[in-house]
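Just below is one structure, and these are the notes that go with it.
We did not get these values from a lab; they are worked out from the coordinates using the rules stated. Just so we're clear, the structure is a prediction, and the values are computed from it rather than from any experiment. Virtual Cβ from ideal backbone geometry, glycine too; neighbours counted across all protein chains shown.
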Amino acid sequence: MRLLVTGGAGYVGSVVAAQLVEAGHEVTVLDDLSTGHEDAVPEGARFVKANITEASDALDGMDAVLHFAAKSLVGESVAEPGLYWASNLGATLALLDAMRDKGVGRIVFSSTAATYGEPERSPIEEGDPTRPTNPYGATKLAVDTTLSAFARMRGLGAVSLRYFNVAGAYGRYRERHTVETHLIPNVLKVATGERESVSVFGTDYPTQDGTCVRDYIHVADLARAHLLALEAITPGEHKIYNLGSGTGFSVQEVISVCREVTGHEIPAVVGERRPGDPAVLVASSAKIQRELGWKAERASLHEIVSDAWGALSRNA
Ligand code: UFG
């Protein structure tokens, strides 16, 4: 297929673009490089440096769009909600209109566990209430709502994938945010000497060891789900799937595994809770397993951390 990958110079987008090229698709990456890196665009993909509000020309002749380009920091979204509504909802509406004008009727969208907010039960299923606790989650939920409406009204075929905690690396493609807020890369930065210690945000949560529990999914497994989603698109339908490995690990457990993998003592300093963090976020991925035959193949936290560490130390 001829595919437009928005945000394909970012972490998840670059891994999906690489897997699409490997699978024989004709891939164009569209990215404004506001947070992405041009050298993350895979060999064999065409690159267009542009914002998604300027995607019209790049959409000519495309069979589908995989839409990753977005602002994705929870804390920043609380500080600058307008930026998040404009970038995540406003610009996506422009992209969807350009797709309609160019007759491109298929989209796979990067949604998030943040659409659910504080869950009532665990693991979270797709039909559970969506009550985002921050503007990031709210803007992603607004796009999901738009996709459902456009599927009904315009015959759009859409699949939203709600990511839980993505980590790990795929070959040379790894996480490298200028502002790093995520747990695993921050812990590994202690092992490379870039940081002196890692902060543990709260030890008084109602969990086994008092630290937050998250569902970590290997970026290669996550990316593979996009290729299945692409095949599953049905005109006039909007399908939503959670993507996690189904197992929760606490912040303390993550730090322990990082110590094992790196052989570094990784000092940890207990700090205050980070505002807006739910105690436990674990996905039920039963629906995508049942309907698309997807399964996490690299569900061990050890393997996820080892791959992240391997890619980081090769580039250090
Ligand atoms: N944490 C620390 N120290 C750090 C960084 C994080 O203790 O230096 C803790 C956080 O408080 C949280 C856990 O580690 O309890 C995981 O935090 P991350 O920032 O790695 O990930 P989040 O669970 O906050 O966020 C992820 C995605 C978001 C998405 C969210 C959905 O990164 O984009 O899951 O719930 F919105």
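Under 5 Å from the amide H of VAL29 lie the amide H atoms of VAL5, ARG46, PHE47, VAL48, each residue being 5 or more positions distant or on a separate chain, with H modelled from the backbone and absent for Pro and chain starts. Taking the Cα centre of the range 217-316 as the origin and placing charges on Cβ (Lys, Arg +1; Asp, Glu -1), which of ILE233, LEU243, LEU281 is farthest toward the positive end of the dipole? About the Cα centre, the residue reaching furthest to the positive side is ILE233. Applying the Karplus relation 6.51 cos²θ - 1.76 cosθ + 1.60 with θ = phi - 60° to the range 131-145 yields 3J(HN,Hα) values of 9, x, 9, 8, x, 4, x, 5, 5, 5, 5, 4, 5, 4, 5 Hz, where x marks Gly and Pro. Using all pairs of distinct alpha-carbon atoms, the Kirkwood hydrodynamic radius of the range 164-316 works out to 16.5 angstrom.
With the simple model of a label 7 Å out from the Cα in the direction of the Cβ, VAL78 to GLU231 spans 4.2 nm. Taking N as the residue count of the range 121-249, its C-alpha radius of gyration divided by 2.2 N^0.38 Å amounts to 1.26.
Using every pair of distinct Cα positions in the range 66-171, the Kirkwood expression returns a hydrodynamic radius of 14.5 angstrom. Along the Cα-to-C-beta direction of ASP209, a point sits 7 Å from the Cα; which residues of the range 241-262 have their amide N less than 16 Å from that point? 248-262, by backbone N distance to the label point.
For the range 1-55, the spread of Cα positions along the three principal axes, ordered from largest to smallest, is 27, 19, 15 Å.
Please work out the C-alpha center-to-center distance from the range 106-127 to the range 9-73 and express it in whole Å. A separation of 24 Å, based on Cα centres.
When ILE107, ILE52 are arranged by Cβ crowding within 10 Å, least crowded first, meaning fewest neighbours, the order is ILE52, ILE107. In this structure the amide hydrogen of ILE240, modeled in the peptide plane, comes within under 5 Å of the amide hydrogens of SER160, none closer than 5 places in sequence on its chain. Global dimensions of the chain from alpha-carbon coordinates: Rg and Dmax equal 18.7, 56 Å. Helical runs (DSSP H, four residues minimum) scored at -39500 (n - 2.57) apiece and divided by the length of the chain put the mean residue ellipticity at 222 nm at -10500 deg cm²/dmol.
In order along the range 72-78, the phi-based Karplus estimate (6.51 cos²θ - 1.76 cosθ + 1.60, θ = phi - 60°) of 3J(HN,Hα) comes to 9, 9, 4, x, 5, 5, 6 Hz; Gly and Pro are listed as x. For the pair the range 139-181 and the range 224-297, the centres of their Cα atoms are 13 angstrom apart.
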